[in-house]
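Here is the structure we will look at.
The values are calculated or read from the model by the stated rules, or taken from the named source; none is laboratory data. Since the model is a prediction, treat every value here as computed from it, not as a measurement. Side chains are part of the model used for accessible areas, which takes the heavy atoms of the whole protein and leaves out ligands, DNA and RNA. Shrake-Rupley method; radii C 1.70, N 1.55, O 1.52, S 1.80 Å.
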Amino acid sequence: MATSSTRIDSPRRATMSRPLGRSIFVDQLYSIDAVETRRRLALVMAACRAASIEAKGDRMLDGKLRRIEGELLFAARMAVGELAEALAEHEAKRVPAPPEPSPEPAPPPVRGARLPRLNPRTTP
């Protein structure tokens, strides 16, 4: 019986690229941009909802989802308040634009004007 030092004990161990308990949702999480982070958040929340539905209402998953949604709502409200305040401060410091000049009045319409009579062309 020949054994090799490069032998893999099981096919499952050979295909696993991450440690047990680590999800694909957190791979390179701190190196991605905001758009990709929001996309991953939506995906992991959908996966948790689906897992809860499959488990006929897993209380732990449902509780975590409610807590996370509440924290996200709170953070979004705080961000809206901060940004609105910053915008108001910016607008207060801004020099108002000069008033627009009033447009020139349109000339009165021409009514009843006589046009010159056109003579037909004569051929040479």
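Here are a few things to note about the model shown:
- Of the residues making up segment 52-104, those that are assigned to a helix (DSSP H, G or I), among the basic types (Lys, Arg) and modelled with pLDDT under 90 are 59, 93.
- Per-region count, segment 25-59, residues open to solvent by less than 40 Å² (accessible area, probe 1.4 Å) and of a type in the set (Ser, Thr, Tyr): 1
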